[in-house]
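J.: There's a structure below that I have some questions on.
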Amino acid sequence: MGRKRMEEQWWRGELAADIHQTLRTKERNLPLYKAHSPQIGMRRYFIDLLTVLSNRCNLCPTARHLAIYLLDLFMDRYDITVKQLYVTSFACLLLASKFEEKEDKVPKLEHLNNLAYMCNVNVVLSKKDLLQMEMLLLENFNWNLCIPTAAHYIDYYLYASLGENDLHNGWPITSLTKVKAFMEKYAYYFLDFSVQDHCFLHFRPSLIAAASVCASRICMQVSPAWTTQLELLTCYSWEHLAQCIEMMLIYYENDIKEASNIKKEVTIQHQQQEVMENLRQEATTQVLFQQSSYHPLAQHSASLSQFQSPVQDLCSAYRDSLQAHRPSTLLAGSADSSLHSYAALQASLQPSAQTLHVQMPIAVQVALGTEPSHCISMAYGSSYFSGCHSYPAGCFDG
C-alpha cells in the first residue's frame, strides 16, 4: 500500500473500492486517543526523529505514518522513560517497515545505529533490546498491525482529485497532469503536517486524507473546492471536513509567515555581511592609499619650480668660481683661498636666497674640498616612512 511501491497501486485496480471499504471498516475499531501521555511534551521531537529516520531509510509514507501512529498509541497508554522512548521509536519504525515494505527495504541494526549517531541520539541499540520492545508492542496491539492511517487513503483520493469540469483561477485546466502533480505535493505536505500536532488524532484518518485533498484544492485555487464526485468517493461532505480544513489552513498560513520571516532574516544578514565587507574593503583601501600627514612633493610643484631656478644659478656660479680660482686653489691647496672663494660665492648668491619663498624646509649643503667631485643635496620633509627625502641635484667635476 506504500506510495513508492508502484507495482502495488491498489487505488488504480478493480478492487480499489473494496479495499477502501475494508480500510474504512477497520478504521471504526481504532482505539481512542486520549492525549494522556506524561511525555506528550516530547512527542514532537520523537515524531521529527521518526520522520528523519524514515526519509534516510527511504521508507514509504505509509510505513512512516504507521510508525508514528504506533508510537502515539503506545505513549498514550504507558509512562515511558526518555531512554526507553528512543528504543520504542526505533522499534515502531522497524515494525512498520516490516509490515509495509519489502524485506530488503527493512533497515538493519547497524544502519539504525549509524543514523542514531548522525542524529545525535546518545543511544546504542542492541538486538536484544529491539526484539524485546517489538514483542511488547505486538502484544500491546494484539499482534494486529493492520491499522489504517491517513497515508493509506491519500492516493485513492488523489486519483479522483481533479475533474474535467474543474477550473483553475476561473479558467479551464489545460494540463490535468501538471496540476495533479502539484496537488499531490500539496496533499502530502498537509498529510505530513497533520502528524506534527496530536490534535489531528481526534479525527479519523480517512477524514484527514480527504481534508488534505480539499485544502490542496483551496491553496491551488481550484474550484469548486469540494466536488460531488469527491464527496461520493470519500463519504464526507464539506460540513464534515470544515473543522479539519480550517486547522490545516491556519497551520499553512503560520508556516508561510515563518518561512517569510526566516527569508527576511537571511536577507538582512546577507545585506549586513555585504555592508561589513564593503566597509572592510574601504578601510583597506584607505590604509593603502590614504594621504600622508606630510605634504607630498606633488602638491608643491610651484615651490619646486621656484627652487629649481636658484639651484641652477648656484651650480653655474659655483662652476664659474671653480674655473676662475682653479689654478690657485687646487695647485696651491690653500685653505684661505678656498674660504675666500666660498665667501665670495655666498655673497653673490645672498639676494636670491632672500627672495626665495619655499614652504617646505630646505637644506642646501655645498661641499668644498680638495676632491675634484662635488655634490649638492636637498632634503624635503615628505615621506610615509621617514621625515625627509634626499634628492641629489647634480654632480660635476671641477
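J.: Can you order the peptides 41-47, 194-200 by their average number of other Cβ atoms within 10 Å per residue, highest first?
T.: Working: 41-47: 15.7, 194-200: 18.0.
Ranked from most to least packed, the peptides come out as 194-200, 41-47.
J.: With every protein chain kept in place and ligands, DNA and RNA left out, what is the accessible area per residue of segment 150-243? Probe 1.4 Å, answer in Å².
T.: Working: 4450 Å² over 94 residues.
Ligands and nucleic acids excluded, the figure is 47 Å² per residue.
J.: Under 17 Å Cα to Cα from Lys185, which lysines show up? Leave out anything in the same chain fewer than 8 places away.
T.: Lys4
J.: Averaged per residue, what accessible area in Å² does segment 30-141 show with a 1.4 Å probe, protein chains only?
T.: Working: 5470 Å² over 112 residues.
Per residue, segment 30-141 has an accessible area of 49 Å².
J.: Next up: At 0.36 nm per residue, and after removing the present C-alpha to C-alpha distance, how many nm does the segment from Lys108 to Ile19 gain when stretched out fully? List each step's numbers first, then the result.
T.: Working: separation 89, 0.36 × 89 = 32.04 nm, distance 3.10 nm.
Stretched fully, the Lys108-Ile19 segment lengthens by 28.9 nm.
J.: Assuming R0 = 30 Å, can you tell me the calculated FRET efficiency for the pair Lys127 and Gln229, based on Cβ-Cβ distance, to the nearest 0.05? Working shown, then result.
T.: Details: r = 50 Å, r/R0 = 1.67.
Rounded to the nearest 0.05, the efficiency is 0.05.
J.: Would you count, across segment 30-141, every pair of lysines whose alpha carbons are under 28 angstrom apart, provided the pair is eight or more residues apart or spans two chains?
T.: Number of lysine pairs found: 16.
J.: Hey, can you rank 204-214, 143-153 by average C-beta count inside 10 Å, highest first? Mind showing how you got there, number by number?
T.: Values: 204-214: 26.0, 143-153: 21.1.
Ranked from most to least packed, the peptides come out as 204-214, 143-153.
J.: Tell me the GluC sites (Glu not before Pro) within segment 119-167 that lie in a loop according to DSSP and have at most 13 other beta-carbon atoms within 10 Å. Write out the running numbers ahead of the final one.
T.: Working: sites: Glu134, Glu139, Glu164; in loops: Glu164.
Within segment 119-167, the qualifying GluC sites (Glu not before Pro) (loop, at most 13 other Cβ atoms within 10 Å) are Glu164.
J.: On the protein heavy atoms, probe 1.4 angstrom, tell me the percent of accessible surface of segment 30-141 carried by carbon and sulfur. Walk me through the numbers on the way to the answer.
T.: Values: 2980 of 5470 Å².
Carbon and sulfur together cover 54 percent of it.
J.: Using the beta-carbon distance between Leu176 and Ser260 and R0 = 22 Å, what value does 1/(1 + (r/R0)^6) give for FRET efficiency, to the nearest 0.05?
T.: It comes out at approximately 0.10.
The values are calculated or read from the model by the stated rules, or taken from the named source; none is laboratory data. Owing to the predicted nature of the structure, the values given are computational and were not obtained by experimental measurement. Don't worry about glycine lacking a Cβ; one is built from the backbone with ideal geometry, like all the others, and counts go over all protein chains shown. Ligands, DNA and RNA are stripped out before the accessible areas are found, and what is left, the full protein with its side chains, is counted by its heavy atoms. Shrake-Rupley method; radii C 1.70, N 1.55, O 1.52, S 1.80 Å.
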